[in-house]
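The values are calculated or read from the model by the stated rules, or taken from the named source; none is laboratory data. Since the structure is predicted, the reported quantities are computational estimates derived from the model, not experimental observations. For neighbour counting, all protein chains shown are included, and Cβ atoms are generated from backbone atoms with ideal geometry for every residue, glycine included.
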Amino acid sequence: MLDDQSLISELARVRRPIGEAHGLPNALYTEAQAHEYERRRVFLEGWASIGFGKDVPNPGDALPIDHVGVPLLLVRDHEGGLKLYQNICRHRGMILVQEKRNFGGVIRCPYHSWCYSLDGKLRATPHVGGPGLNTSPSIDRDKTGLVEVPMGVFMDVVFANVSGTAEPFEDYIRPVRERFAEFADQQIHFGGPESSFGLEINANWKLIVENNCESYHLPWVHPGLNSYSRLEDHYHLEVPGSFSGQGTLVYNPQLDPELRFPDFPGLSDKWDTAAEYASLYPNTFLSVHRDHFWAARLEPVGQRRTLEHVNIYYTTAESAESDTYRPLREKNASQWCGVLTEDVFVTEGMQKGRGALGFDGGVFAPAMDSPTHLFHDWVAAKLGA
Amino acid sequence: MKPVLEELDREMRALHEGGAPIRRCEVHEQAADLLGTDPNARRFHLTHAFVFALEAGDWPRAAGLERALREAGGL
C-alpha cells in the first residue's frame, strides 16, 4: 500500500541538486495506486502525445484512441483540419467508433443512432420523443454535441490535454519549437508503411524516456555507433520543465554509396553534421536530422508495459513516397528499429530491477545523467513535490 | 403483410449488419411511401431514411427527408 507521506518525502529527494538527488521512488514503477496518481497528474492534467496526423490523412477519417484509459476520437474534418473528441455518445456514453474508418457523412452511434457531424454538432436524435418523433424538449442539441478535447499539433504529432486545465498548447510546445526552429515549419512527408514501426516493451514508460534522454549508455548498449558517433561527440539538451535529451556532432548517414535523402531547405551549417534527440515530457521523442525526422510516442498500456510508436518523415514527397527511395527508406527504418530494439533489454532490465526491496531510486552521475535528472525532476514536480 | 413489404423487411434485415447506408435509406423511403396512410409508420421510416442519408453524407437527400419529417410532424 502506498504511503503518501513517504512518497512525498521520496519525491522531494528527487528534486535536490543532481549530486544529492535520488531517482523517482520505486512505487511509481510497481504500485497501482501510484500509477493511477501519475496517470491523472501527468497524462490527463498535462499535455501528452496521443497520435499522429498521418494516421487520419483523408477528410472523414476517424481514429479511436485509448489514451491511458480515456476514449478519444481523432477526426480529419471535411476542411482538412484535425478535431479531437471524447469518443462517446452524449446520450448513454456508448463508444461511438470502435475501429478506424472513414465517415462520408455523420458519425452515427451504433446504440440508438444519435448522429454527430464531423464538427461535433448533434445532428439527429431519432425517436427521441417517441417512435417517429425526433425532438424532445429536454434535449438541447446545441448543448449536446461531442465533447471537444483541447489538442495541438507539432511536426505531425498530436497532443491532448484531456482535463483542459493545462497551460495553452503554444506555451507547452514553445521551448522545443524554439530549439527546432529550423525544422518546425518545414514541410514533412510521412515515409509510408515501411517508415513506421512499433515496439512492445515490458517496462514502465518513464524508463524508456530516461534511456532516450542520455548518451551515457551509447558505447555500451549500441556498440555499432562507436565507429562513427563516439560518446565524446555527444552533448546534452537541457530545458528544465520541458524536454531534455542528447545531440551529436557527427551525424553522417551512409545508407547507400550513391543515393541520399535530400536535406531540408535552408538549414544552417550546424545541421551539416548535427542531429538532436529530444524527449519532450512526458511521452514524446522528437529527433531531427538534416535529411529526415522521426517522432515516437510512448503509450503506457500498463504500469509495466509500454508501446513505442515510431514514425519517420522525409523532406520531400519524392523521398518519402517514390519507389526510387524505397530501399533507402527501408534501410533507414531498419537501422533505427535496430538501435531502439537494442535499448529494450535495458529498459526491461531496469523495470525488473525496480522489484528490489528498498531500492532508493538510484543516484545520478552529474556529468552524464543531467538530462535524466531533469526528467525525474519534472515528474516529481508534476506529482506535487 | 403485403409481399412488397415482406420483401422490404427482408432487405432491411439483410442490410442490418452494416454498411450500405444509401440502400438502407432507399428501403426506408419506399416503406414510408407504401405505409403513407399510417402517419406513425410513415414517420418511423422517414426517421430511418433520414438517419441513413446523413450517414451516407447525401446532404440534398437528407435535407429533403428532413423537410418530409417536419411536414409529417416528426421534427
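Would you please name the residue that is farthest from A:Val75 (Cα to Cα), looking only at residues in the stretch A:145-187 that are touching a helix residue (DSSP H, G or I) at 6+ places or on another chain (Cβ under 6 Å) and not in a strand (DSSP E or B)? Residue satisfying both the conditions and the ranking: A:Arg177.
Among residues belonging to the stretch B:27-49 that are free of Cβ contacts under 8 Å to residues at least 12 places away in the same chain and not hydrophobic (A, V, I, L, M, F, W, C), point out the one that is nearest to the other protein chains (Cβ to nearest Cβ). If we take residues in the stretch B:27-49 being free of Cβ contacts under 8 Å to residues at least 12 places away in the same chain and not hydrophobic (A, V, I, L, M, F, W, C), then B:Asn40 is nearest to the other protein chains (Cβ to nearest Cβ). Evaluation of A:Cys213 against the conditions (1) at pLDDT 95 or above; (2) within 17 Å of the chain's Cα centre (by Cα) shows that the sole unmet condition is (1). Of the residues making up the stretch A:125-167, those that are crowded, with 16+ Cβ neighbours inside 10 Å, over 30 Å from B:His48 (Cα atoms) and among the polar types (S, T, N, Q) number 1.
Among the residues of the stretch A:77-124, those identified as under 27 Å from A:Leu307 (Cβ atoms), basic (Lys, Arg) and either within 14 Å of chain B (Cβ to nearest Cβ) or not in a strand (DSSP E or B) (or both) are A:Lys100, A:Arg101. Pairing residues of the stretch B:6-23 that are within 12 Å of chain A (Cβ to nearest Cβ) and closer than 12 Å to B:His48 by Cβ with residues that are surrounded by 13 or more Cβ atoms within 10 Å (Cβ to Cβ) and not aromatic (Phe, Trp, Tyr), at Cβ distances under 7 Å and at least 6 apart in sequence or on separate chains, gives B:Pro21/B:Glu55; B:Pro21/B:Ala56.
The numbered conditions (1) surrounded by fewer than 16 Cβ atoms within 10 Å (Cβ to Cβ); (2) under 23 Å from the mean Cα position of the chain (by Cα) are all true for A:Gln5 except (2).
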